[in-house]
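Undergrad: Quick one: this structure, given as structure tokens, is what I'll be asking you about.
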Amino acid sequence: MGLFAKIKEKFNKWYYHEPDLEENWDDEDEANDEKSFEDPDIRTVYVLEALGRMAEAADKMEQCQDEYSAVTSLLVDMEEIEGLPADVRGLISDQAGKIANLEKERRSIYAECGKLSEARMRFLERFEDDIPGGIKKMREAEEYRRLVKMDMRKLEAEKSSYKLQMHETKGTIVNSRGIALICGIAMFLAIILLLVLQFGMGMDVAIGYIIICGAGALALTVIFVRYQDAVREMKRLEKLRNKLTGVHNTVKIRYVNNTNLLSYLYMKYDVDSADDLETEWEIYAEEVGARARDEKLREELEYYYGKLTKTLKEQSIKDPEIWTKQTGALIDSREMVEVRHALIGRRQKLRERMEYNKEVAEVSQKKIKELAQKYPQYSQEIAGILNRFEGT
């Protein structure tokens, strides 16, 4: 790295540091006067510092002058507009009013839009032709699922009733068998007792035989009838079970098919229900309509922008395009006054900045001249630094 590159690096480190807003130029002058200019590095950095300030001041001056010219041009245009004949002012005000109304309408459209993300809008656009039918199909499937679930609940209730009846019928069959056995044993024991009384004691027990046989026959008949009824009921319940099983299998198949269909539709449209899809579809339709209206409004705006610009150009206004964004000032004289005051304030600030940067440049230039006059033996070196700085 050469000497000049090292010095320039030092200058860049100084130049781009955060400046002290309370910095005093006079204090810096005193500090620089105390430097030993016999050191070539110190001389070079000192000159580069002054040149850097001059370059920055010139750049800021150029920026301020451009802005100052633009602000002045606007103020001149304002005077020109305010001095126009009443009929021309009326035409301009009418065109500006149309622009203001159209922009207001566009802002209201913007407020309505944006309920769906752009990605979701693009997603729904892909199925634009399918969604109305998809909503209908999804809603029918959801209704069918509701009915199938109702059938399944009824089947569960019938299944519970069947289990209870089956339990009771089995109990009746078992109880009938037990009672019949008890009756048989009781009759057998009673007959043995009568035989003992008849042959062992010589008693007349004919009536006992009649009673026992009649009561036993009656009891066994009742038990048999009850048993037969229970058996028939068991057969009926077995048929009912087969029927319930068949219906349950059918309903289960329907439920599975319906669930698969809904899962597919939910996945296809990336929603959780037909209501969600219908809501998004309504928002999408509103958004598409709003964008179409906005496109139409934008075309109308371009038309009136052109008309207003043309009208202002015909009246020798220098920057007519700017006034398409300042329609309020063209419509309301009070707003025009506010804009003028703001522009005058901006121009004053720009003038102050230009004067400040002009002073900075003059002071820096003066320092370099004073350095060359004070140290004539380094004048050629200073000139060389100036040339190299201007070439970088």
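Undergrad: I'm told Asp204 meets every condition in (1) within 30 Å of Ala285 (Cβ to Cβ); (2) not in a helix (DSSP H, G or I) except one. Can you identify the failing condition by its number?
TA: Going through the list (1) within 30 Å of Ala285 (Cβ to Cβ); (2) not in a helix (DSSP H, G or I), Asp204 breaks only (1).
Undergrad: With Val360, Val339 as the choices, which residue is touching a residue at least 24 places away in the same chain (Cβ under 8 Å), closer than 29 Å to Val88 by Cα and part of a helix (DSSP H, G or I)?
TA: Working: Val360 fails: closer than 29 Å to Val88 by Cα.
The conditions single out Val339.
Undergrad: Does the range 175-187 contain any residue that is assigned to a helix (DSSP H, G or I) and within 30 Å of Ala157 (Cβ to Cβ)?
TA: Going residue by residue through the range 175-187, those that are assigned to a helix (DSSP H, G or I) are 175-187.
Those left that are additionally within 30 Å of Ala157 (Cβ to Cβ): 175-176.
For the range 175-187, residues assigned to a helix (DSSP H, G or I) and within 30 Å of Ala157 (Cβ to Cβ): present.
Undergrad: Select from the range 340-392 the residues that are within 13 Å of Met54 (Cβ to Cβ), more than 53 Å from the chain's Cα centre (by Cα), at pLDDT 70 or above and of a type outside the set (S, T, N, Q) and list them in ascending order. I'd like the intermediate steps shown before the answer.
TA: Residues of the range 340-392 that are within 13 Å of Met54 (Cβ to Cβ), as a first pass: 357-369, 385-386, 389-390.
Now restrict to residues that are more than 53 Å from the chain's Cα centre (by Cα): 359, 361-369, 385-386, 389-390.
Subset that is at pLDDT 70 or above: 359, 361-369.
The answer is Glu359, Ala361, Glu362, Val363, Lys366, Lys367, Ile368, Lys369.
Undergrad: Just to check your reading of the model, which residue among Ile131, Ile210 is under 30 Å from Ile283 (Cα atoms) and among the β-branched types (Val, Ile, Thr)?
TA: Details: Ile210 fails: under 30 Å from Ile283 (Cα atoms).
Answer to the selection: Ile131.
Undergrad: Given the options Ala290, Ala215, name the one that is in a helix (DSSP H, G or I), surrounded by 13 or more Cβ atoms within 10 Å (Cβ to Cβ), among the aliphatic types (A, V, I, L, M) and touching a Phe, Trp or Tyr at 6+ places or on another chain (Cβ under 9 Å). I'd like the intermediate steps shown before the answer.
TA: Values: Ala215 fails: touching a Phe, Trp or Tyr at 6+ places or on another chain (Cβ under 9 Å).
Sole residue among the options that is in a helix (DSSP H, G or I), surrounded by 13 or more Cβ atoms within 10 Å (Cβ to Cβ), among the aliphatic types (A, V, I, L, M) and touching a Phe, Trp or Tyr at 6+ places or on another chain (Cβ under 9 Å): Ala290.
Undergrad: List the residue pairs whose Cβ atoms are under 6 Å apart, where the first residue sits in the range 235-251 and is on the phi > 0 side of the Ramachandran plot and not assigned by TED's automatic domain parsing to the domain that holds Lys154, the second is modelled with pLDDT under 75 and of a type in the set (Val, Ile, Thr), and the two are 6 or more positions apart or on different chains.
TA: Here the result reads none, with nothing in the range 235-251 linked to a residue that is modelled with pLDDT under 75 and of a type in the set (Val, Ile, Thr).
Undergrad: Lys268 passes all but one of (1) within 30 Å of Lys136 (Cβ to Cβ); (2) touching a Ser or Thr at 6+ places or on another chain (Cβ under 6 Å); which number fails?
TA: (2)
Undergrad: So Arg122 clears everything in (1) within 45 Å of the chain's Cα centre (by Cα); (2) surrounded by fewer than 16 Cβ atoms within 10 Å (Cβ to Cβ); (3) within 30 Å of Leu343 (Cα to Cα) except one condition, right? Which one?
TA: (3)
So that you can scan it fast, the table gives a plain yes or no per residue for (1) exposed (fewer than 13 other Cβ atoms within 10 Å of the Cβ); (2) touching an Asp or Glu at 6+ places or on another chain (Cβ under 7 Å); (3) in a helix (DSSP H, G or I); (4) not aliphatic (A, V, I, L, M):
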position	(1), (2), (3), (4)
Leu297	no, yes, yes, no
Glu300	no, no, yes, yes
Tyr304	no, no, yes, yes
Thr311	no, no, yes, yes
Ser316	yes, yes, no, yes
Thr324	no, no, yes, yes
Ala329	no, yes, yes, no
Arg334	yes, no, yes, yes
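The values are calculated or read from the model by the stated rules, or taken from the named source; none is laboratory data. Owing to the predicted nature of the structure, the values given are computational and were not obtained by experimental measurement. Don't worry about glycine lacking a Cβ; one is built from the backbone with ideal geometry, like all the others, and counts go over all protein chains shown.
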